[in-house]
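Visitor: Take a look at this one; I'll ask things after.
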Amino acid sequence: MSDDRSNMLEIDDLRVEFSTAAGSLSAVDGVSLQLAEKESIAIVGESGSGKSVLARTLIGLLAGNGTRTGSIRIGGKDIDALTKKERKHFFGVQAAMVFQDPMTSLNPVKRIGAQLTESMKYHLDLPSNIANDRAIALLRQVHIPSPERRLRQYPHELSGGMRQRVVIAMALACEPRLLIADEPTTALDVTVQKTILDVIDELRAERNMSLILITHDLGVAEGRADRIGVMYAGRLMELASAKDLFSGMRHPYTQALLRSIPNPDRPSHTRLHPIPGRPPDLLNPPTGCAFAARCRHARPECVDNKPPLIEGSAGHFFACHFPVGTPEGEAALAENMRAGVTGAGLSLDEAAEEFV
Amino acid sequence: MAGSGTAHLRDDPRVLVRVEHMVVEFPIHGGTVQAVSDVSFDLIEGETLGIVGESGCGKSTTARAVIQMPRPTSGSVLFRGTDLTQLSAEDLRSVRPDLQMIFQDPISSLNPRRTVHDIIAEGLRVWGDRGEWSIDKIDELMEAVGIDPRYGERKPHQFSGGQCQRISIARAFVLDPKVIICDEPVSALDVSVQAQILNLLEDMKARYGVSLMFISHDLSVVKNISDRVMVMYLGKVCEVAGSDDLFARPTHHYTRALMAAIPGSRAIVDEQVLEAELPSAIDPPAGCRFNTRCPAATDECRSVEPQLRPVGDGHFVACHHPHLPVAAAS
């Protein structure tokens, strides 16, 4: 997409497997991605799509039973090639993370000030008084009123929105160049969600940070990211600029996901279009396309061959044999409609009712 | 917002539930907190009433106080003309089958040690056969909610979240209720499953004729399923209107701020930001409770509590300075 020097993050064929009692589970299955400096990308997917595992792997937080293959380069540095010494001050400094739940990502028995200055003292070796001044400035940047007083408070004295701001301030403390936000607003009210996302937007522009925003909400992704990647069963299904994705989505999964969301612009009691079936069992992943069993476009080919992620038009990638809005895709859909059943055996009679 | 008042209550023989001046207080250390503060509303047969608001606005407490869990501190809850707040525990028990509930977390609201068939049939074991369903028709009910009856002997942990919510729906319908309270029933589900459950609720409602009270913080979901929507803030009603009307013409400044915050919506509402924090419910602001965050607040708003008043057909707002088209403002 762009030359190596301007890439903040490069992921090449990342795979993460967990060994569980029931066998080996493939959570991330060959994801490749580049993120330019100052760029923001949203990774959208349902539970179990692997989006959170992807985020945590990037920042070196892989659970003990997980194994990773494929390379990750952050700021031009291969994270496997870091020396022990470099590694110590890498995660949390070059790349930082904001977690979903502000209630559990703060230590309940330590004051906000202590938690905020901890990383600055450790990573940047700042003396207490300077770290304190920086902590006050950080709280001001995330729009927390009377920051001096907040430093002496405990997490339970703050509302959920304020706590999430503190978590964001903590992530920013060491001036990371890459911020990874894993569902930062899922636990919050819509009004608070808006202010938190506004804060992240503003800080990103101010500090020229790159951002990876993990979310299950296509609406959140649409307004806040330059590019959007849609994940399903551990794979990127579609990757495009936010504008291209919404104006010309190619993957039937993206389309199905968007159609299942109630749209506030449509009248009440508008029939919703759920996605038929269930996500595949990742202990026993299908040989072909992971979405084939639930897809209206599926042909026998989809069951046998996993479609690669290809660049269909400039900057617009999708992994589908019969994409939406292309002659092949429309032909496949028409053929399935005629037969009443898709090439993967999904009956369209029921789905037709749901999908009309 | 603050709105008290009963102007929005309807005189209609089909009114099933009529709540007037309901107050719910909880004792806290050193005083009481009014979670619901003089709320009135009604529910007509076959209607879906959506209740929206931020966390802590009292929407769940309002709905639960209707079924007397907890009992309101004052006010009346008329169900088919009977005031539930005046009933003895025993009389109340006999009304309970008509008022059912579906909870947010589908997995923890089902007993993990019992089979799905037993969970669904429990109401019938207690009350005997009522109306539509009987013990030998449980399989049919399971089919109606989209659970394969062959799985009746399985336990809840063997089902996904969406399937567990279907089981909860079957359990709520088995006693042929008149009103079902749905407290954030789809908040814990993925969007594709959420659509299945919302469609199922619509189908079941049409088929078996119940009224729903649907609580959610997600405005898009509430708009989709509701006939009428009530917006709450700090224990008070801000605005009540038909679902499409409310979204086409939000007049309360709080409703407008909520709509502006829906991510990705092609907002019909100009940008309005709620910067300040939600005030404490222990010591709510005087006058209109929304005045501390409202862009249009005046001295009047800080001292006089607005009453709900009509601004259109079936559209009521509790605001001194509602956002109205210029011609209609008076």
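Visitor: Please build a GNM for chain B, connecting alpha carbons under 10 Å apart, and tell me which residue among B:186, B:33, B:66 fluctuates the most.
Guide: Among B:186, B:33, B:66, the largest mean-square fluctuation in the Gaussian network model of chain B belongs to B:33.
Visitor: Given A:340, A:277, A:321, which one lies farthest toward the positive end of the charge dipole of the stretch A:251-355, if we put +1 on the Cβ of every Lys and Arg and -1 on the Cβ of every Asp and Glu?
Guide: My answer, from the dipole projection, is A:277.
Visitor: I would also like to ask the following. Would you list, by chain and number, the lysines whose Cα falls below 27 Å from the Cα of residue B:236, excluding same-chain residues fewer than 8 positions away?
Guide: Candidates past the 8-residue exclusion: A:194, B:59, B:178, B:223.
Visitor: Which whole-number percent gives the relative contact order of the stretch A:1-150, counting Cα pairs below 8 Å spaced six or more residues apart?
Guide: It comes to 20 percent, rounded to a whole number.
Visitor: Would you mind giving the mean number of other chain beta-carbons within 10 Å of the Cβ of each residue in B:154-163, as a whole number?
Guide: 1
Visitor: In the structure shown, do any of A:51/A:88; A:306/B:155; A:77/A:243 have a Cα-Cα gap over 29 Å, and if so which?
Guide: Over 29 Å apart, Cα to Cα: A:306/B:155; A:77/A:243.
Visitor: Then there is this: How would the stretch A:75-230 be classified by its alpha-carbon gyration tensor: rounded, prolate or oblate, with rounded meaning a/c under 1.5 and the a/b versus b/c comparison settling the rest?
Guide: Oblate, since a/c reaches 1.5 and b/c is not below a/b.
Visitor: Calculate I(q)/I(0) for the protein assembly as shown by the Debye formula, one identical point scatterer on each C-alpha and no solvent, and give its log10 at q = 0.07, 0.08, 0.10, 0.11 Å⁻¹ to two decimals.
Guide: With no solvent term, the Cα-only Debye profile gives -0.52, -0.69, -1.08, -1.27.
Visitor: Using Cα-Cα distances under 8 Å and only pairs 6 or more residues apart, what relative contact order does chain A have, in percent?
Guide: Taking the mean separation of contacting Cα pairs over the length of chain A, I get 18 percent.
Visitor: Continuing with the same structure: Counting other Cβ atoms within 10 Å, which trypsin sites (Lys or Arg not before Pro) in the stretch B:73-150 have at most 16 and lie in a DSSP loop?
Guide: Here the sparse-neighbourhood loop sites are B:80, B:113, B:114.
Visitor: Say we join alpha carbon atoms closer than 10 Å with springs in a Gaussian network model of chain A; which of A:303, A:190, A:31 then has the biggest fluctuation?
Guide: Its mean-square fluctuation being the largest, the pick is A:190.
Visitor: Turning to a different aspect of this structure: Taking the Cα centre of each part, how many Å lie between the stretch A:64-115 and the stretch A:1-57?
Guide: Value for the Cα centre distance between the two parts: 15 Å.
Visitor: To continue, here is another question. Which is the longest part of chain B that has none of the GluC sites (Glu not before Pro) sitting in a DSSP loop with at most 11 other Cβ atoms within 10 Å?
Guide: Value returned for the longest uninterrupted segment is B:1-270.
Visitor: Which one of B:248, B:257, B:172 has the biggest mean-square fluctuation once chain B is modelled by GNM with Cα springs under 10 Å?
Guide: B:248
Visitor: What is the Cα centroid distance between the stretch A:159-201 and the stretch B:67-128, reported in whole angstrom?
Guide: 40
Visitor: Quick one: work out the % antiparallel among DSSP beta bridges in the protein assembly as shown, nearest 5.
Guide: 65
Visitor: Ignore the peptide's own chain and count Cβ atoms of other chains within 10 Å of each Cβ in A:183-192; give me the average, rounded.
Guide: 5
Visitor: Name the shape class, rounded, prolate or oblate, that the alpha-carbon gyration tensor gives for the stretch B:94-185, where a ≥ b ≥ c are the square roots of its eigenvalues, rounded holds for a/c under 1.5, and otherwise prolate holds if a/b is larger than b/c and oblate otherwise.
Guide: oblate
Visitor: Continuing with the same structure: Could you pull out the trypsin sites (Lys or Arg not before Pro) across the stretch A:117-220 that fall in loop regions by DSSP (anything but H, G, I, E, B) with no more than 15 other Cβ atoms inside 10 Å?
Guide: In loop regions of the stretch A:117-220 (DSSP not H, G, I, E or B), the sparsely surrounded trypsin sites (Lys or Arg not before Pro) are A:152.
Visitor: Same structure again: Using the Cα gyration tensor of the stretch A:212-342, with a ≥ b ≥ c the square roots of its eigenvalues, what is the shape: rounded (a/c below 1.5), prolate (a/b larger than b/c) or oblate (neither)?
Guide: Rounded, since a/c falls under 1.5.
Visitor: A further question follows. Would you mind working out the magnitude of the charge dipole of chain B relative to its Cα centre, with +1 at each Lys and Arg C-beta and -1 at each Asp and Glu C-beta, to the nearest 20 Debye?
Guide: Dipole size: approximately 360 debye.
We did not get these values from a lab; they are worked out from the coordinates using the rules stated. Quick caveat: nothing in here was measured; it's all calculated off a predicted structure. Positions of Cβ are backbone-derived with ideal geometry, glycine not excepted, and every protein chain shown enters the neighbour counts.
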